[in-house]
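None of the figures in this text is laboratory data; all of them are computed from the coordinates on show. Source: prediction; values computed, not measured. Every residue, glycine as well, gets a Cβ built from its backbone with ideal geometry; the counts of neighbours run over all protein chains shown.
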């Protein structure tokens, strides 16, 4: 199977289409699937166009969706409106609110006057009803594991390593996966948390981090940062930090 793999699209549908076009996705007549390693929305302004694209692929069984931390944020927003979640700063800085307004088309003033109506509109949106339920914590092939932040692991209590692995991570509970979606996979991989014989493909953390820290190639955000995919021992990281780079990363994998 041929997989076109991306991550952290964050509502930038035009940039996603450009990346897929450059890789030949739309001209490919052989069996293939798109893998999105989490964080579909919450930065760009094309949530509706992206949603229509993803729903079409789901109907044709041509996409594999990995759950990201921004999908978790959306669910927190949905279930916490009665506790004032629409007023919480992190839902504004992470643009969760903006995506809800784009997808539902509700009046922004409802945030203050009718938040329960926003909750009802969001609850019935295909994002909640179809897309998030279709998401998985990870997807695995013969030689690759696709996830968002990283596979479940825990912070190291002492020593030079940032993280240590956990036994039987594939069967980790929901709480472990919730935490794993926030992990910097490049730090975890350089701590030795990898899967023998496989490469873990992840998103979540900007690729420039790995290029700057481990290859001394540019800075994270200044000094000519490198936002192209980061390749290391047991890892491929894909988050292009699209608001800064103007691009979405996409790689093609045969497995």
Choice from 57, 20, 77 showing the highest fluctuation, given a GNM over the chain with Cα pairs closer than 10 Å: 57
Rounded to 5, the percent of DSSP beta bridges in the chain classed as antiparallel: 45 percent
Where the Cα pairs of the stretch 139-237 fall when distances are cut into 5 Å bins, in %: 3, 14, 23, 25, 18, 10, 5, 1, 0
Antiparallel %, DSSP beta bridges [both residues in the stretch 139-241], to 5: 55 percent
Euclidean distance between Cα centres, the stretch 177-255 to the stretch 93-164, Å: 19 Å
Two-site FRET efficiency, residue 222 against residue 76, from Cβ-Cβ distance with R₀ of 22 Å, rounded to 0.05: 0.10
Listed residues 100, 201, 164, most fluctuating in the chain (Gaussian network, C-alpha, under 10 Å): 164
Area projected by the alpha carbon convex hull of the stretch 1-62, averaged over all directions, nm²: 3.9 nm²
Peptides ranked, highest mean first, by Cβ atoms within 10 Å: ranges 36-48, 120-132: 36-48, 120-132
Order of 202, 207 - criterion: other Cβ atoms within 10 Å of each residue's Cβ, fewest first: 207, 202
Spin-label pair residue 231/residue 182, simplified geometry with 7 Å Cα→Cβ offset, distance in nm: 3.3 nm
Estimated FRET transfer efficiency when R0 is 51 angstrom, pair residue 124-residue 158 (beta carbons, to 0.05): 0.55
Full-extension gain in nm, residue 60 to residue 109, via 0.36 nm per residue minus C-alpha separation: 13.9 nm
Sorted by Cβ density within 10 Å, fewest first, the residues 150, 205, 182: 182, 205, 150
Unit Cα scatterers, Debye sum, the stretch 31-128: log10 I(q)/I(0) for q = 0.15 Å⁻¹: -0.59
Value of [θ]222 nm, deg cm²/dmol, for the chain, DSSP H segments ≥ 4, -39500 (n - 2.57) each, nearest 500: -9000 deg cm²/dmol
Calculated P(r) tail over 28 Å for the chain, as whole % of Cα pairs: 33 percent
Helix 47-59 vs. the chain, principal-axis angle (Cα, 0 to 90°, nearest 10): 70 degrees
